[in-house]
Amino acid sequence: MRQYEKTGILSIKDLKIPSKKQFEKGVAILECVQEIPCNPCVDSCPVHAISMKDINAPPVNNFEKCIGCTKCVGVCPGLAIFVIKIKANTAWITLPYEFVTVPKVGDVVQALDRKGKVRGKALVKKVVKHGKTMVVTIEVNSSLAMSIRNIRV
Amino acid sequence: MRIRAHPIIDFKKRKELPFYFQKKKIVGEEGDTIASALHAAGVRTLTTSLKYKSPRGFFCGIGKCSSCLMRVNGVPNVRTCIAPLKEGIQVEMQEKLAELPNAEFFGEPKKTIDVDVLIVGAGPAGLCAAIECAKQGVSVLIVDENQRVGGQLIKQTHKFFGSKQERAGTRGIDIAKELEDDLRKLESEKKITVMTDATVIGCYESDKKYRFGAVERCDYKSILYDVRCNAVILACGAMENMLLFPGNDLPGVYGAGAVQTLMNVYGVMPGKRVLMVGAGNVGLIVSYQLLQAGSVVNRIVEAAPSIGGYNVHAAKLRRCGVLIQTSHSIKEVCGEKKVEGAVLIRLDVNWKPIKDSEEYIKCDTICLAVGLTPSTRLLSQIGVHLDYIPEAGGYVAPHDESMQTSVKGVYVAGDASGIEEASTAMIEGKIAGLAAAIQLGGSRNKKLLVQYREELVQLRAGPFGEKPRIAKEKIAKLAEVHHASV
């Protein structure tokens, strides 16, 4: 049994990690590792970077092709896609958000990791509405790029 | 307590409806059921148990159990969880077994409806069956117990998985709206008759056609319909499973479906601090929706050693700080008249409780998401062959590829044919609807039938589709055996 099947928390080892160069242009991290029948992310990708062998196969992102456009973030029914962009000491994380208090650009919010632990503060850089899902981009220290996955407003 | 702000649902302030509970005035809102209005006003105890005098609240919240029976305007045994709230009604708690009422049950003379196909249940399977059938020019009557059509879809605020054909990425509540629009269009063209707040009560003697009794409730009185049809599709859904532990009947112990109905359909907060039992997709999804409604989910306990639902659903909760404890279960509920807390216990690899591993937690609501059982009573009454298939959730009707049961012209679809989920229920509904239309000569489109079947196979192909796959394989084998013996 894999650890996440017990805890619900993915570890970095469960994920495919982009190169430094790929992080610099911004790429989508698909935190969707199980075989579940779902494929809207494939259709949402304007550059056909996301592919799937069949509807049950986990999606694979071709980091070379991915342009980090964030379109897939608001589409994913599992709220499991995050776009990460890193330049020097700064990281921008784009994540889906579906709670009542919607952050505004310029707000400082709490930054939470995969366990829901507050790991620091984040600056809200962009908020885009995708239906009822908010697609929020936050700025954090680059060391937290692959840890922060939620915000508390 | 009412939910006024919600990230997904727009709960508008509705017209106030005053009514009486135990002679005391309470104000509900238009669109409420009696139970949702009472819950919003803080009334959780609706009845007392028959054997003991212990207080009881509702459990299933969707009209499938007997936990919410009350006397309304003198009529006993009204299922208040689905009975619409009306202005000025008198709602009372019943004494043990209710007295026979003085109120008139059948206030109106019997009416007759002649139709090609009767569909029981207007959830995802029933709606898709009705639409598919009516499109082929076959006349349809669809009957549902609730005020609104859509079944459990009307409370699914999350985006659906699946593929484009099954509307992946669309929220269940929006799919319900799309299906209802299609249904109402066909209704306005007189191709479908829709009967809500009504129950199909049984199958009766008839020379040629099938004959069913249907009762439409009208101001807590009833109108009896004599329905004659050539085929029937039973899409009656399923019922939430109960778990055995001391205190499981205390008001505040609810099925996951009841919690979801209260908060997402009626905008009523189920509780402030919730313990979720069960980490399958239902438990995980409802937990997240509780957070969205503003409740605190203390934690999720799961008796199995691993999380049964999708990791993406579990991950959403974990990053909000909600703990999921596998190999843990509920030992008992604490509280005199209502839920005040619970004792949890750790389980070993054989699911046996580990001594001295108890932990007390404070909560006001316990939500059970421990599986569902297909609703097959009507099938059984018709004389359809039923078999016990654990992977399908209990007794189900062996059916062929067209969803036809051992009795010709009797079809089944959705959870009533084996527990699965809404995307597959919709396809099964389409198959049953189209197959019934073909049988009655309304269509010859067997190609489309094949296409629908392929879609089903694809959706069940992954590891999470294993259980329904096994269930459906067993069902197919039993259907063959049974057909051969006939």
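The values are calculated or read from the model by the stated rules, or taken from the named source; none is laboratory data. Please read all numbers here as calculations on a predicted model, not as lab measurements. Neighbour counts run over all protein chains shown; Cβ positions are idealised from the backbone, glycine included.
If I filter the stretch A:77-121 down to residues being more than 14 Å from chain B (Cβ to nearest Cβ) and assigned to a loop (DSSP other than H, G, I, E, B), which single residue comes out as nearest to residue B:288 (Cα to Cα)?
So, considering only residues that are more than 14 Å from chain B (Cβ to nearest Cβ) and assigned to a loop (DSSP other than H, G, I, E, B), the one nearest to residue B:288 (Cα to Cα) is A:104.
For residues that are more than 14 Å from chain A (Cβ to nearest Cβ) and among the small types (Gly, Ala, Ser), scanning just the stretch B:319-367, find the one that is surrounded by the most Cβ atoms within 10 Å (Cβ to Cβ).
Residue satisfying both the conditions and the ranking: B:342.
Determine which single condition residue A:52 fails, assuming it passes every other condition in (1) aliphatic (A, V, I, L, M); (2) away from chain B (no Cβ under 14 Å); (3) within 30 Å of residue B:467 (Cβ to Cβ).
Among (1) aliphatic (A, V, I, L, M); (2) away from chain B (no Cβ under 14 Å); (3) within 30 Å of residue B:467 (Cβ to Cβ), the lone unmet condition for residue A:52 is (2).
Kindly indicate whether residue B:298 is under 15 Å from residue A:5 (Cα atoms) and more than 19 Å from the chain's Cα centre (by Cα).
So residue B:298 does not fit the description; no.
Among the strands (runs of 3 or more DSSP E) confined wholly to the stretch B:242-328, which include 3 or more residues that are touching a residue at least 40 places away in the same chain (Cβ under 8 Å)?
By residue number, B:253-255, B:273-277, B:296-302.
Can you work out which of the residues in the stretch B:446-486 that are surrounded by 18 or more Cβ atoms within 10 Å (Cβ to Cβ) and not in a helix (DSSP H, G or I) is farthest from the other protein chains (Cβ to nearest Cβ)?
Out of the qualifying residues, it is B:460.
Restrict the check to the stretch A:9-19 and report whether at least one residue is closer than 19 Å to residue A:147 by Cβ, hydrophobic (A, V, I, L, M, F, W, C) and assigned to a helix (DSSP H, G or I).
Yes, some residue in the stretch A:9-19 is closer than 19 Å to residue A:147 by Cβ, hydrophobic (A, V, I, L, M, F, W, C) and assigned to a helix (DSSP H, G or I).
Could you grab me the full set of residues in the stretch B:294-317 that are of a type in the set (D, E, K, R) and closer than 24 Å to residue B:3 by Cβ?
Residues satisfying the conditions are B:299, B:316.
Here is a yes/no grid of residues against (1) modelled with pLDDT of 95 or more; (2) touching an Asp or Glu at 6+ places or on another chain (Cβ under 9 Å):
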residue	(1), (2)
B:307	yes, yes
B:321	yes, no
B:336	no, no
B:339	yes, yes
B:342	yes, yes
B:349	no, no
B:353	yes, no
B:366	yes, no
B:392	yes, yes
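Filter the stretch B:1-56 for residues that are among the hydroxyl-bearing types (Ser, Thr, Tyr) and part of a loop (DSSP other than H, G, I, E, B) and give the result.
Correct list: B:45, B:49, B:52, B:54.
Which one of these is more than 14 Å from every other protein chain (Cβ to nearest Cβ), among the small types (Gly, Ala, Ser) and surrounded by 20 or more Cβ atoms within 10 Å (Cβ to Cβ): B:129, B:168?
B:129
Which residues, counting only those in the stretch A:23-58, are part of a helix (DSSP H, G or I) and crowded, with 17+ Cβ neighbours inside 10 Å?
A:23, A:40, A:41, A:42, A:44
Quick one: residue B:157 ticks every box in (1) touching a Cys at 6+ places or on another chain (Cβ under 8 Å); (2) in a loop (DSSP other than H, G, I, E, B); (3) crowded, with 23+ Cβ neighbours inside 10 Å bar one, so which box is it?
(1) is the only condition that residue B:157 fails.
Kindly evaluate residue B:370 against the criterion of being more than 14 Å from every other protein chain (Cβ to nearest Cβ), crowded, with 18+ Cβ neighbours inside 10 Å and part of a loop (DSSP other than H, G, I, E, B).
Against the criterion (more than 14 Å from every other protein chain (Cβ to nearest Cβ), crowded, with 18+ Cβ neighbours inside 10 Å and part of a loop (DSSP other than H, G, I, E, B)), residue B:370 qualifies.
So that you can scan it fast, the table gives a plain yes or no per residue for (1) away from chain A (no Cβ under 14 Å); (2) on the phi > 0 side of the Ramachandran plot:
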| position | (1), (2) |
| --- | --- |
| B:9 | no, no |
| B:31 | yes, yes |
| B:34 | yes, no |
| B:38 | yes, no |
| B:61 | yes, yes |
| B:67 | yes, no |
| B:71 | yes, no |
